[in-house]
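Before we start, here is the structure in question, set down as structure tokens.
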Amino acid sequence: MTKTPTNKRKSMEWCNILKKYVERNKKKRHPEEIKTEDFEIFNEYYQKWRGIDNEYKNIPSLYVKLPTEEEPLLLKLREESRAVFLQRRSRELLDNDELQRLWFLLDQHHTPPIVGEDQMINYEDFQKVGSEAGAKCQQFFSASVFCKLLQTDPYGRISIMQFFNYVMRKVWLHQTRIGLSLYDVAGQGYLKESDLENYILELIPTLPQLNGLERSFYSFYVCTAVRKFFFFLDPMRTGRIKIQDILACSFLDDLLELRDEDLSKEMQESNWFSAPSALRVYGQYLNLDKDHNGMLSKEELARYGTGTLTDVFLDRVFQECLTYEGEMDYKTYLDFVLALENKKEPQALRYLFRILDVQHKGYLNVFALNYFFRAIQEQMKLHGQEPISFQDVKDEIFDMVKPKDPLKLTLQDLIVSGKGDTVVSILTDLNDFWTYENREYLVPDTAEESEI
């Protein structure tokens, strides 16, 4: 079998060919003779080039096109392959018996002396446990893991409880990732809205705190839960969320917290995914829907909260948000609620900034601020209050935010300043503006009540 010449050798051959061509053309010859020789040299060069091209064809492809719906066999093969892969990964995780055995080994090899109630272990005993724990546990018994958990113990030990919690957290993350990946239809590491809806719907029976929900409410509960994921993890409205982002945020922890049968009433009320919270949000929506058509008009939404949102702000909400013949559905309402209830969050500020940016310039100027504050002034007149000067409010807003450009407020300025929620509140809600304007009088009253 002949050895394929390297690219360097081939380059030298081409140089010789070209050199030969130049030397031949130095002589004065008949044009036909030159033409014939040129063709021969070109043909020789072309054949060499084709040889290299064929070599590159042996390099494996770095991209494989996903099968389409018109290729059902390939789709089924891909689906089955992913299922087998995920099952194999699932078997590599520690089960309950193995976790229990790990805890027994850690307890057996703890390193004295015991300080307080927390058992400790040094690196030598840590390695002994690792050698006895089995192959599945080896990934946890590395020097880097030990160093991560090492704190201020004078004997150079780590807490057994902290290490075990670390292992439990890792196992939980892998289990959850595999569970979410089963709903990743495309197999690309992200979930579409319908994928996440299926995941949460099938999760409901495993959450004791949701046992009281009627099946007729399941679809509304799923919609309520999914919107929080997409509002905060998909602010650009791409229609999909990375599984990695779902695992990194705390929302899944809040959702799975509903497995606790003894969850306190306070914890349930502060958890967006709890039954009382979902029923509260949906109940508010039904109460606002006076004509019972399942949608909210601008006049119906005006009664939201304390009923003091300005007409100008509500007009902009209906201009910028998805509506159906001028009315808002439940899904759009959920985005609205999440934005107003979480004004300090960057994703909420992005939503609200789009509404305030009436000129679509990407920043708020004096015109935009005045456009919204005039509605606050009009409401103050209707309530018999003396309107506040816009110039004073404008100066206070710019002093508060301290933007890079003294004439413009960008979304980034609002986020960085930490005052974006205050700016939005005083421009859109009379009650919030009144609370802000009288903050100096309200704080002492609160302090006096606490002393009493």
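Within the set of other residues whose C-beta is less than 11 Å from the C-beta of Tyr218, count the net charge using Lys and Arg as +1 and Asp and Glu as -1.
-2
How big is the charge dipole of region 343-452 about its Cα centre, in debye rounded to the nearest 20, if each Lys and Arg gets +1 on its Cβ and each Asp and Glu gets -1 on its Cβ?
Values: 13 positive and 19 negative charges, 177 e Å.
Here the size comes out at about 840 debye.
Counting only helical runs of four or more DSSP H residues, what would the 222 nm mean residue ellipticity of the chain come to if each run contributes -39,500 (n - 2.57) and the total is spread over all its residues? Please list the in-between numbers first.
Values: 23 runs with 281 residues, N = 452.
About -19500 deg cm²/dmol.
Among residues other than Lys128 whose Cβ falls under 15 Å from its Cβ, what is the net charge (Lys/Arg +1, Asp/Glu -1)?
Numbers: positive: Arg101, Arg157; negative: Asp107, Glu124, Asp125, Glu132.
Result for the neighbourhood of Lys128: -2.
Another one. Positive end of the charge dipole of region 141-237 (Lys, Arg +1 and Asp, Glu -1 on Cβ, about the Cα centre): tell me which of Gln151, Gln175, Thr206 has its Cα farthest that way.
Towards the positive end, the residue furthest out is Gln151.
Rolling a 1.4 angstrom probe over the protein chains, ignoring ligands and nucleic acids, what is the accessible area of Ser264 in square angstrom, nearest 10?
Accessible surface of Ser264 is approximately 50 Å².
Sticking with the crude label model, points 7 Å out along Cα→Cβ, report the distance from Lys136 to Leu99 in nm, one decimal please.
It is 1.1 nm.
So, taking all protein chains as they sit and a 1.4 Å probe, how much accessible area belongs to Thr176, in Å² rounded to tens?
10 Å²
Now a separate question. Dipole size in debye (nearest 20) for the chain around its Cα centre, Lys and Arg Cβ +1, Asp and Glu Cβ -1?
Computed charge dipole of the chain: roughly 3760 debye.
Relative contact order of region 151-310: what whole-number percent is it, with Cα pairs under 8 angstrom and at least 6 residues apart?
19 percent
Then there's this: Protein chains only, probe 1.4 Å: how do Val115, Val366 rank by accessible area, largest first?
So the residues, ranked largest to smallest area, are Val115, Val366.
Do you know the relative contact order of region 271-428, to the nearest whole percent, from alpha carbon pairs under 8 angstrom that are 6+ apart?
20 percent
Among residues other than Phe372 whose Cβ falls under 12 Å from its Cβ, what is the net charge (Lys/Arg +1, Asp/Glu -1)? Display every interim value, and only then the final one.
Details: positive: Arg316, Arg374, Lys394; negative: Asp311, Asp315, Asp357, Glu378, Asp429.
Cβ neighbours under 12 Å give a net charge of -2.
May I pose another question? Once each part is reduced to its C-alpha centroid, what is the distance from region 272-326 to region 67-136 in angstrom?
Their Cα centres are 47 Å away from one another.
Arrange the residues Leu150, Leu173, Leu77, Leu207 by how much accessible surface each exposes, largest first, with a 1.4 angstrom probe.
Details: Leu150 70, Leu173 50, Leu77 110, Leu207 0 Å².
Descending accessible area places them as Leu77, Leu150, Leu173, Leu207.
Rank these residues by their accessible area, most exposed first, probe 1.4 Å: Met236, Met267.
Descending order: Met236, Met267.
For the chain, calculate the relative contact order in percent as a whole number, restricting contacts to Cα pairs under 8 Å that are 6 or more residues apart. Walk me through the intermediate numbers first.
Details: 382 pairs, mean separation 36.9, N = 452.
Relative contact order for the chain comes out at 8 percent.
With every protein chain kept in place and ligands, DNA and RNA left out, what is the accessible area per residue of the chain? Probe 1.4 Å, answer in Å².
Values: 27680 Å² over 452 residues.
Here the residues of the chain average 61 Å² of exposed surface.
Okay, next question. Quick check on the chain: take the gyration tensor over C-alpha atoms, sort the square-rooted eigenvalues as a ≥ b ≥ c, and tell me if it's rounded (a/c under 1.5), prolate or oblate.
Oblate.
Under 5 Å between amide hydrogens, which residues at least 5 positions from Met328 or on another chain qualify, with H placed 1.01 Å from N in the peptide plane?
It is Leu296, Ser297, by chain and number.
Give me the accessible area of Thr111, 1.4 Å probe, in Å² rounded to the nearest 10.
For Thr111, solvent-accessible area is about 20 Å².
The values are calculated or read from the model by the stated rules, or taken from the named source; none is laboratory data. Here the structure is a predicted model, which is why all the values come from computation and not from measurement. Ideal geometry is used to build each Cβ from the backbone, glycine not excepted, and the neighbour counts take in all protein chains shown. All accessible areas refer to the heavy atoms of the entire protein, side chains included, with ligands and DNA or RNA removed. Shrake-Rupley method; radii C 1.70, N 1.55, O 1.52, S 1.80 Å.
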